[in-house]
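Asker: I'd like to ask some things about the structure below.
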Amino acid sequence: MNEMDCRETWGDSNVVDTVAWLGELGDNLPSTTKAELLAACLPLEVAPLYSSAPPERIELSSAQHAVKFGLAWHGEYAMCLTETSGRVVSKHLIADEITPVNTGLREFSQFLAITSRISQLYDRVEDGKTSREDYLHVVESARMELSKIDSSALEPGAWWSGIVEEFSMI
């Protein structure tokens with residue numbers, strides 16, 4: 001997503017200023033991790049799916065470090081960019097489980113944009129403004145679109161597969 005698409009998707013006031021956001025932490029990161037974070041198109045918030053958080057370097061395991069860049073799903077998960085592979089993973093804040101999310105931040109942002117539209121449509125079904133059938137059709141179309149972007153993110157056990165499945169349970 002280029003910057004114009006990013007601002008169109010999230011709105012001018014809801015886009016993370018990645019240079020200011022990354023700050024001095026960027027000087028202590030591998031160059032590929034820093035570059036990916038600086039190029040990211042991340043919103044400040046997409047409730048209840050995601051909210052940005054000050055970036056913080058964390059240890060996922062004794063051999064793997066990551067940068068936490070946000071919280072997800074009602075604040076239950078830390079969203080992290082792994083330093084070695086550039087993959088996005090979630091770390092459950094209580095159970096200390098690591099779950100694959102996306103192959104990179106670009107894919108994460110695209111998934112977030114698509115699922116935020118599903119979330120908004122879900123609210124319209126709840127309010128009686130959209131039919132359940134129309135909603136489920138949109139969810140299935142979105143699932144196919146998401147699969148083209150990052151099929152591994154929808155595999156059983158992946159974070160997004162659970163989110164998309166939850167959207168289907170209406």
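What follows is calculated from the coordinates using simple rules that are stated; it is not laboratory data. Just so it is clear, the model here is predicted, and its values are computed rather than measured. As a convention, Cβ positions derive from the backbone with ideal geometry for all residues, glycine included, and neighbour counts pool all protein chains shown.
Asker: With each pseudo-label sitting 7 Å past Cα toward Cβ, what's the SER131-GLU8 distance in nm, one decimal?
Answerer: In this crude label model, SER131 to GLU8 measures out at 3.1 nm.
Asker: Set Lys and Arg Cβ to +1 and Asp and Glu Cβ to -1, take the dipole of the chain about its Cα centre, and tell me which of LEU71, ILE114, THR33 lies farthest positive.
Answerer: So the residue we want is THR33.
Asker: Next question, about the same structure. Taking loop as defined by DSSP and a crowding limit of 12 other beta carbons within 10 Å, which GluC sites (Glu not before Pro) in the stretch 66-139 fit?
Answerer: Working: sites: GLU76, GLU83, GLU97, GLU107, GLU126, GLU133; in loops: GLU76, GLU83, GLU97.
Within the stretch 66-139, the qualifying GluC sites (Glu not before Pro) (loop, at most 12 other Cβ atoms within 10 Å) are GLU97.
Asker: Show the residues, 5+ positions off or on another chain, whose built amide H is closer than 5 Å to the amide H of GLY104.
Answerer: HN-HN under 5 Å from GLY104: VAL88.
Asker: Please give me the summed charge of the neighbours of HIS137: other residues whose Cβ is under 15 Å from its Cβ, Lys and Arg +1, Asp and Glu -1.
Answerer: For residues surrounding HIS137, the net value is 0.
Asker: From the backbone phi of the stretch 158-169, what are the Karplus-calculated ³J(HN,Hα) couplings (6.51 cos²θ - 1.76 cosθ + 1.60, θ = phi - 60°) in whole Hz, Gly and Pro given as x?
Answerer: Coupling constants for the stretch 158-169: 7, 4, 5, 4, x, 5, 5, 4, 4, 4, 6, 8 Hz.
Asker: Return the lysines within reach of LYS68: Cα separation strictly under 29 angstrom, same-chain partners fewer than 8 residues apart disregarded; answer none if there are no such residues.
Answerer: LYS34, LYS91, LYS148
Asker: For a distance above 26 Å, tell me the whole-number percent of Cα pairs in the chain that qualify.
Answerer: Value for the chain (Cα pairs over 26 Å): 27 percent.
Asker: Another question about this same structure. Eigenvalues of the Cα gyration tensor times 5, then square-rooted: what semi-axes does that give for the stretch 3-103, in whole angstrom, largest first?
Answerer: Largest first, the stretch 3-103 gives 21, 17, 11 Å.
Asker: Same structure again: Below 9 angstrom from the Cβ of VAL15, what's the summed charge of the other residues (Lys, Arg +1; Asp, Glu -1)?
Answerer: Values: positive: ARG7; negative: GLU3, ASP12, ASP17.
Local charge sum for VAL15: -2.
Asker: Net charge near GLU83, counting Lys/Arg +1 and Asp/Glu -1 over other residues with Cβ under 12 Å of its Cβ?
Answerer: With Lys, Arg at +1 and Asp, Glu at -1, the net is +2.
Asker: Can you sort HIS92, HIS65 by how many other beta carbons sit within 10 Å, fewest first?
Answerer: Final ranking by Cβ density, sparse to dense: HIS92, HIS65.
Asker: Same structure, new question: Run the simple label-point estimate for LYS148 and ASP17 please: 7 Å along Cα→C-beta, distance reported in nm.
Answerer: Taking the two extended label points, one gets 3.6 nm.
Asker: Let me ask something additional. Please get the size of the charge dipole for the stretch 3-103, origin at its Cα centre, with Cβ charges of +1 on Lys and Arg and -1 on Asp and Glu, quoted in debye to the nearest 20. Don't skip to the answer; put the middle values down first.
Answerer: Working: 6 positive and 15 negative charges, 44 e Å.
With only Lys, Arg, Asp and Glu charged at Cβ, the dipole is about 220 debye.
Asker: Okay, moving on. Go from 0 up to the bin containing the longest alpha carbon distance in the stretch 53-122, width 10 Å each, and give me the % of pairs per bin.
Answerer: Result, from short to long distances: 20, 53, 23, 4, 0 percent.
Asker: I'd like the orientation of helix 132-149 relative to the chain: the angle between its Cα long axis and the longest Cα principal axis, in ° from 0 to 90, rounded to 10.
Answerer: Approximately 30 degrees, to the nearest ten.
Asker: Where Rh denotes the Kirkwood radius from the mean inverse Cα pair distance, what is Rg over Rh for the stretch 108-168?
Answerer: Value, to two decimals: 0.97.
Asker: What is the distance in Å between the Cα centroid of the stretch 1-19 and that of the stretch 97-131?
Answerer: For the stretch 1-19 versus the stretch 97-131, the Cα centre distance is 17 Å.
Asker: Here's a follow-up. Distance between the C-alpha centers of the stretch 135-167 and the stretch 70-90? Whole Å please.
Answerer: One Cα centre to the other: 18 Å.
Asker: Could you pull out every Cys in the chain that lacks a partner Cys with its beta carbon under 4.7 Å away?
Answerer: Those would be CYS80, since no other cysteine Cβ in the chain comes under 4.7 Å of theirs.
Asker: For the chain, give the magnitude of the charge dipole about the Cα centre (Cβ charges: +1 Lys/Arg, -1 Asp/Glu; no others), in debye to the nearest 20.
Answerer: Around 160 debye, computed over the chain.
Asker: Rounded to the nearest 10 degrees, what's the angle between the helix 105-126 long axis and the longest principal axis of the chain, both from Cα atoms, 0 to 90?
Answerer: With rounding to tens, the tilt is 30 degrees.
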